[in-house]
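Notes follow once the structure below has been shown.
Each reported figure results from applying straightforward, stated rules to the coordinates on display, with no laboratory input. No experiment lies behind these values; they were computed from the predicted model shown. Here the Cβ positions follow ideal geometry from the backbone for every residue, glycine too, while neighbour counts run over all protein chains shown.
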Amino acid sequence: MSARFQDQVIIVTGAVGGIGSAIVEGFLAEGGKVGLIDFNSQGGQAYEQELKKRGHAVTFVHADVSHFDQCQAAYDRITRDIGPATILVNNVGISPKTDGRALKVWEMTPGEWDKVVAVNLNSVFYMTHLATPHMVRQRQGRVINMSSVAGKAYCDIVAAHYAATKAALLGLTRHWAAELGEHDVTVNGLAPGRISTPLLKSVPKEINDAVADVTALRRLGTPEEVADACLFFASDQARFVTGQVLDVAGGWLMT
């Protein structure tokens with residue numbers, strides 16, 4: 001196994017379970033030290049203990065990233081524990097459903113809209129605002145934003161708030177790439193398709209099968225496949241790549 005991230009500090013939001021955990025595992029396997037941020041306090045503490053028993057340098061912070069003060073506290077705690085990060089993965093995201101389906105605009109409450117915008121979009125600004133000053137000073141940094149193919153093309157599986165926030169990340173990624181490029185900080189994004197995570201177990205099998213049937217590779221993706229793309233953007237192999245958003249979707253929607 002290579003050690004592309006030996007002794008580098010990485011922050012991953014939405015780090016407990018699914019794609020987040022796959023990203024964490026990928027960085028740790030290649031020598032990184034990882035700060036995990038998640039709202040799942042019990043799961044996060046258990047995961048932190050497991051990773052430390054395996055000899056990894058990690059620290060977990062429970063936080064509701066829709067609030068700036070909690071993002072600030074989490075960033076400060078990670079910096080104290082394992083050092084300032086030069087890689088930030090804005091992975092956190094929520095996609096609420098009601099009775100298993102996405103609500104239409106006339107059904108959705110303003111409160112649900114505001115929550116999704118706060119978690120999926122505001123948190124990305126908060127964490128990037130906190131992490132980039134150190135990257136700029138060091139002239140070294142990577143920011144990876146987790147968008148979605150639903151931010152590029154209509155997808156009836158998700159609601160408008162999810163699609164809107166994921167589309168907004170496309171603009172943020174390109175704008176920040178231009179702002180930060182002169183400081184040797186790259187900003188890129190990932191746009192996963194239908195990924196086989198624990199969350200999908202709550203979705204009727206026929207819905208996932210229907211997506212697989214219209215995906216070029218005829219299957220759902222794995223969290224590890226998204227993590228592989230994330231680690232590429234974070235690595236030196238991508239040092240001349242910025243402002244890009246890569247579909248990790250097996251040919252679904254072909255955006």
**Asked** Based on the Cβ-Cβ distance from Ala46 to Glu182, what FRET efficiency comes out when R0 is 35 Å, to the nearest 0.05?
**Response** 0.25
**Item:** Binned Cα-Cα distances of the stretch 62-168, short to long, each 5 Å bin given as a whole percent
**Value:** 2, 12, 20, 21, 16, 12, 9, 6, 3, 0
**Request:** May I ask you to derive the FRET efficiency for Leu199 and Gln72 from their Cβ-Cβ distance with R0 = 30 Å, giving the value to the nearest 0.05?
**Result:** 0.60
**Message:** Please give me, ordered by residue number, the trypsin sites (Lys or Arg not before Pro) of the stretch 168-255 that lie in loop per DSSP and have at most 12 other Cβ atoms within 10 Å.
**Reply:** Arg218, Arg239
**Complete:** To the nearest 10 degrees, the tilt of helix 123-138 (Cα long axis) against the first principal axis of the alpha carbons of the chain is 30
**Fill in**
Filtering trypsin sites (Lys or Arg not before Pro) in the stretch 15-54 by DSSP loop and by at most 10 other Cβ atoms within 10 Å leaves Arg54
**Message:** Multiplying the sequence separation of Ala164 and Phe232 by 0.36 nm and subtracting their Cα-Cα distance, what value in nm do you get?
**Reply:** 21.9 nm
**Item:** Given charges at Cβ of Lys, Arg, Asp, Glu: the stretch 9-248 dipole, positive-most of His56, Phe68, Ala191
**Value:** His56
**Request:** Identify which of Met108, Met135, Met127 has the largest mean-square fluctuation in a Gaussian network model of the chain, with springs joining Cα atoms closer than 10 Å.
**Result:** Met108
**Prompt:** Roughly how many nanometres apart are two label points built 7 Å out from the Cα toward the Cβ at Ser2 and Asp99?
**Reply:** 5.0
**Message:** Let me see the P(r) profile for the stretch 67-125: every Cα-Cα distance counted, bins of 10 Å, each bin given as a percent of all pairs.
**Reply:** 18, 40, 24, 14, 4
**Item:** Between 0 and 90°, nearest 10: helix 160-180 axis offset from the chain longest Cα axis
**Value:** 30
**FRET efficiency estimate (nearest 0.05) - Cβ-Cβ, Arg137 to Ala29, R0 30 angstrom** = 0.60
